[in-house]
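**Student:** I have a structure I would like to understand better, so I am pasting it below and will then ask my questions one at a time.
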Amino acid sequence: MTNGAQDVVRVRLDLSYDGTGFSGWATQPGRRTVQSELTTGLETVLRTPVVVTVAGRTDAGVHARGQVAHLDVALERWEAVAGRGDRTPQEALVSRLAGVLPPDVVLRRACVVPDAFDARFSATWRRYVYRIDDGGAPDPLRRAWVLRHRRALDDVAMDAALAQLLGEHDFLAYCKPRDGATTIRTLQEASVRRRDGVVEIEVRADAFCHSMVRSIVGALLAVGEGRRPPSWPREALEQVRREAGVAVAPPTGLVLEEVGYPADAELAERARTARAVRVLGGTLPD
């Protein structure tokens, strides 16, 4: 792309981080956040101010293996990252950021993408997994990313309950609404399974509103403990109100695993659709 007389490249960043020591993704005055650490690191290496756009703004304590972000960089600054060596700018950025980022944030990959790519609005889905250890002797080595739960859970009942939330709905009962933002989402895939003694709740949707995954987990915990029947999460959904009695699970067990994008030729159309005002069954015309 061009910005006036200056050539600019758009760079995709694939990130992982341990959210334990962060007050979430978004920059906040006086608080340590993933965005602030990443921005500082990028500006140190690129020697220019940057603005980073992210696929999903994770909450305090939430982790990521497959977070995606993008930024625009002047071509001159981008090419200068490689220095005089034989590395590409992509390789050099990953290597040099490893030397300035804290150990709980890792840039796994960087690549130049089409101008139409938008880490947030071009995404077609996000996949999260929430992990719970309900055994009597939890592994202390995974305490930072697996929730310790002291009551045994019925994962079969939880899976049956979660299946009833699939599809497009107004998820207001499971979201903290924000002014001007819709709570209509499409839950594309969802399952609960037990792996190596850990209950894994996996959900994939076109997007998630604030606290949606953790609220769904909170409802499933009530089912897994036997305090609510498998039909209750769906009944709460159908009330279409936040005061449906749904608790928000702690952030510890939640990991953003992956973000999906369409083919390059479809990026612009996907971003346009994602920005449109959404109603059940479609979007409002521009």
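Read-outs throughout are calculated quantities, based only on the coordinates presented, and are distinct from any laboratory measurement. These numbers come from a predicted model, not from an experiment. Cβ coordinates were reconstructed from backbone atoms using ideal geometry, including for glycine residues, and neighbour counts include every protein chain displayed.
**Student:** Using alpha-carbon positions, what is the distance between the centroids of the range 15-88 and the range 180-249, in Å?
**Tutor:** One Cα centre to the other: 30 Å.
**Student:** So how do Val94, Val100 line up by other beta-carbon neighbours within 10 Å, fewest first? Display every interim value, and only then the final one.
**Tutor:** Working: Val94 19, Val100 13.
Ranked by crowding around the Cβ, least crowded first: Val100, Val94.
**Student:** Just want the ordering: Met212, Met158, from fewest to most Cβ atoms lying within 10 Å of their own Cβ.
**Tutor:** Ranking Met212, Met158 by Cβ neighbours within 10 Å, fewest first, gives Met212, Met158.
**Student:** At 222 nm, what helix-only mean residue ellipticity would the chain give, in deg cm²/dmol to the nearest 500, using -39500 (n - 2.57) for each DSSP H run of four or more?
**Tutor:** Dividing the helical sum by the residues of the chain leaves -7000 deg cm²/dmol.
**Student:** Hey, another quick one. What is the order of Trp78, Trp145, fewest Cβ neighbours within 10 Å to most?
**Tutor:** Working: Trp78 22, Trp145 19.
Placing the least packed residue first, the sequence is Trp145, Trp78.
**Student:** Kindly identify the range 181-244 as rounded, prolate or oblate by the Cα gyration tensor criterion: order the square roots of the eigenvalues as a ≥ b ≥ c, call it rounded if a/c is under 1.5, otherwise compare a/b with b/c, prolate if a/b is larger, else oblate.
**Tutor:** It comes out oblate by the Cα gyration axes.
**Student:** Please name whichever of Gln239, Leu147, Phe208 sits farthest to the positive end of the charge dipole of the range 125-258, dipole taken about the Cα centre and charges placed at Cβ: Lys and Arg +1, Asp and Glu -1.
**Tutor:** Ranked along the dipole, the leading option is Leu147.
**Student:** For the residue pair Gln28 and Asp72, what label-to-label distance in nm results when each label sits 7 Å from Cα along the Cα-to-beta-carbon direction?
**Tutor:** The two pseudo-label positions are separated by 2.9 nm.
**Student:** Taking semi-axes √(5λ) of the Cα gyration tensor in Å straight from the coordinates, which label in (i) 36, 24, 15; (ii) 32, 20, 18; (iii) 27, 26, 20 is the correct one?
**Tutor:** (i)
**Student:** Still on this structure, please answer the following. Taking the Cα centre of the range 2-121 as the origin and placing charges on Cβ (Lys, Arg +1; Asp, Glu -1), which of Pro114, Gly85, His63 is farthest toward the positive end of the dipole?
**Tutor:** His63
**Student:** Further, regarding this structure: Only Cα pairs under 8 Å and at least 6 apart count here; give the relative contact order of the chain as a rounded whole percent. The partial results should precede the final answer.
**Tutor:** On the way: 611 pairs, mean separation 62.4, N = 286.
Value for the chain: 22 percent.
**Student:** Here is a further query. Quick check: net charge around Glu43, other residues with Cβ under 13 Å of its Cβ, Lys/Arg +1 and Asp/Glu -1?
**Tutor:** It works out to a net charge of +2.
**Student:** Of the listed peptides 26-32, 201-207, what is their order by residue-averaged count of other C-beta atoms within 10 Å, with the highest listed first?
**Tutor:** Descending mean neighbour count gives 201-207, 26-32.
**Student:** If you don't mind, another one. Just to confirm the number: angle between the C-alpha axis of helix 212-224 and the first principal axis of the chain, 0 to 90 degrees, nearest 10?
**Tutor:** That works out to roughly 30 degrees.
**Student:** Taking the Cα-to-Cβ direction at Arg87 and at Val156 and moving 7 Å from each Cα, how far apart do the two end points lie in nm?
**Tutor:** Inter-label distance under the simple model: 5.3 nm.
**Student:** Estimate the FRET efficiency between Glu269 and Asp7 by the formula 1/(1 + (r/R0)^6), using the beta-carbon distance for r and 22 Å for R0, to the nearest 0.05.
**Tutor:** That gives a FRET efficiency of 0.30.
**Student:** How much length, in nm to one decimal, is gained on full extension between Ala247 and Glu43, taken as 0.36 nm per residue of separation minus their Cα-Cα distance?
**Tutor:** Working: separation 204, 0.36 × 204 = 73.44 nm, distance 3.96 nm.
Between Ala247 and Glu43, full extension yields an extra 69.5 nm.
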